[in-house]
Amino acid sequence: MKHALPVTLSLLLLLTLTEAVTAQTTEAQRAAVATSIGYRIVPNIVYQEANGFEAKLDLYLPSERTSAPTLINFHGGGWRSGTKESRGLRFLPYLEMGWAVVNVQYRLARISLAPAAVEDSLCALRWIIRNADRYNIDTSRLVLTGDSAGGHLSLTTGIIPTSAGLDGQCPGDEPLEVAAIVNWYGITDVGDLLAGPNMQEYAVTWMGSMPNRYEIAERVSPLTYVRHGLPPILTIHGDADPTVPYTHALRLHEELEKVGVPNQLHTVPGGGHGRFSLDESIEIYEVIRSFLKKHSLE
């Protein structure tokens, strides 16, 4: 397997060096410089081995702060494609805020079908909690995020209880608790995508031809585990999304409201499956910062 070095801070440094030849430095460039020199990267740490596959994660750690809120990021790709490196630029706003970031890889469908990705994501969280002291990670301020399938994994990682038995690949007695979840258009009902008007090929691929695929789909669906006492959840979703139905966001919001879980749904009018405009994206990150501040996570 090719080990790709995370590119986020390398790109920042390249931009900084390019702009250094100009006569004047903008505030944005100053922020880029501060970020590029303010972090150390620990890439490709193996946190889990299963089915002959080494699942890895990258750490982006503030050089000077001994403790900071930590973002745990899961990439999208329909559980069958994508890499952790492909989503590196998405968490730049968190680096600018001085957060630590953990960027997680997991088993895709071509390696292991469902529920492998969910199992790996829970094991990544357990690894982070177990190694928090070593890397100065504050376990009281862990925030999960991801887009599409990664949004789904951020939800399952944050709300699936130990009683579900999906952490069997990495057993332990540490409470797998997080402070909040920022879900970007994640799937909340996997079974809804296996047949009927909302069928999606990527979901069918992830389940394969297993005769109990609907049972597994329910077991890995966030809506299955909605209950009182979950961490605050922010969902971002375009109401014209052709890949993950907007109804998934609506149903999650409604169910969380019923049981009193602090949550917020930010709808992008006319928005598709990500690829939001600059203005829409700026507004989204303003909503995220407000959400984090509200829950004492800035």
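The values are calculated or read from the model by the stated rules, or taken from the named source; none is laboratory data. Note that the coordinates shown come from a computational prediction; the quantities given were computed from them, not determined experimentally. Heads up, the Cβs are rebuilt from the backbone with ideal geometry, glycines too, and the neighbour counts pull from every protein chain shown.
Within segment 22-110, which strands (runs of 3 or more DSSP E) (wholly inside it) include 1 or more residues that are aromatic (Phe, Trp, Tyr) and in contact with a Pro (Cβ under 9 Å, 6 or more places away or on another chain)?
39-50, 53-62
Quick test of your reading of the structure: Thr70 fulfils all but one of (1) over 26 Å from Val190 (Cβ atoms); (2) surrounded by fewer than 23 Cβ atoms within 10 Å (Cβ to Cβ). Name the failing condition by number.
Going through (1) over 26 Å from Val190 (Cβ atoms); (2) surrounded by fewer than 23 Cβ atoms within 10 Å (Cβ to Cβ) one by one, Thr70 breaks only (2).
Search segment 236-287 for residues being in contact (Cβ under 8 Å) with a residue 60 or more places away in the chain and of a type outside the set (A, V, I, L, M), and hand back the single one that is farthest from Leu194 (Cα to Cα).
If we take residues in segment 236-287 being in contact (Cβ under 8 Å) with a residue 60 or more places away in the chain and of a type outside the set (A, V, I, L, M), then Tyr285 is farthest from Leu194 (Cα to Cα).
Of everything in segment 72-98, what is hydrophobic (A, V, I, L, M, F, W, C) and over 18 Å from Arg134 (Cβ atoms)? Give them in sequence order.
Within segment 72-98, Phe74, Trp79, Leu89, Phe91, Leu92, Leu95, Met97 qualify.
Sort out which residues of segment 120-133 are without any contact (Cβ under 8 Å) to a residue 60 or more places away in the chain and within 12 Å of Phe74 (Cβ to Cβ), and write them in order of number.
If the condition is that a residue be without any contact (Cβ under 8 Å) to a residue 60 or more places away in the chain and within 12 Å of Phe74 (Cβ to Cβ), then Ser121, Leu122, Leu125 are the ones that fit.
Being under 30 Å from Thr70 (Cβ atoms) and of a type in the set (A, V, I, L, M) is the filter; apply it to segment 182-202 and report the residue that is surrounded by the fewest Cβ atoms within 10 Å (Cβ to Cβ).
Top of the filtered list is Val182.
Go through (1) touching a His at 6+ places or on another chain (Cβ under 9 Å); (2) buried (at least 20 other Cβ atoms within 10 Å of the Cβ) and name the single condition Thr156 misses.
Among (1) touching a His at 6+ places or on another chain (Cβ under 9 Å); (2) buried (at least 20 other Cβ atoms within 10 Å of the Cβ), the lone unmet condition for Thr156 is (1).
In this structure, does Arg134 turn out to be basic (Lys, Arg), modelled with pLDDT under 95, buried (at least 20 other Cβ atoms within 10 Å of the Cβ) and farther than 19 Å from Ala50 by Cβ?
no
From the residues in segment 265-284 that are assigned to a loop (DSSP other than H, G, I, E, B) and in contact with a helix residue (DSSP H, G or I) (Cβ under 8 Å, 6 or more places away or on another chain), which one is surrounded by the fewest Cβ atoms within 10 Å (Cβ to Cβ)?
My answer is Phe276.
Return the residues of segment 245-263 that are closer than 23 Å to Leu71 by Cα, of a type outside the set (Gly, Ala, Ser) and surrounded by 17 or more Cβ atoms within 10 Å (Cβ to Cβ); say none if nothing qualifies.
Leu252, His253, Leu256, Val261, Asn263
Restricting attention to segment 54-61, does a residue exist that is surrounded by fewer than 22 Cβ atoms within 10 Å (Cβ to Cβ), without any contact (Cβ under 8 Å) to a residue 40 or more places away in the chain and touching a strand residue (DSSP E or B) at 6+ places or on another chain (Cβ under 7 Å)?
Checking segment 54-61: not a single residue is surrounded by fewer than 22 Cβ atoms within 10 Å (Cβ to Cβ), without any contact (Cβ under 8 Å) to a residue 40 or more places away in the chain and touching a strand residue (DSSP E or B) at 6+ places or on another chain (Cβ under 7 Å).
Of the conditions (1) farther than 19 Å from Leu297 by Cα; (2) of a type in the set (S, T, N, Q); (3) within 15 Å of the chain's Cα centre (by Cα), Asn73 clears all except one; give me its number.
Of everything listed in (1) farther than 19 Å from Leu297 by Cα; (2) of a type in the set (S, T, N, Q); (3) within 15 Å of the chain's Cα centre (by Cα), Asn73 misses just condition (1).
Name the residues in segment 267-298 that are at pLDDT below 95 and in contact with an Asp or Glu (Cβ under 8 Å, 6 or more places away or on another chain), would you?
none
Looking at Asn103, Asn136, can you tell me which residue is in contact (Cβ under 8 Å) with a residue 24 or more places away in the chain, on the phi > 0 side of the Ramachandran plot and not hydrophobic (A, V, I, L, M, F, W, C)?
None of the other options fit; the residue is Asn136.
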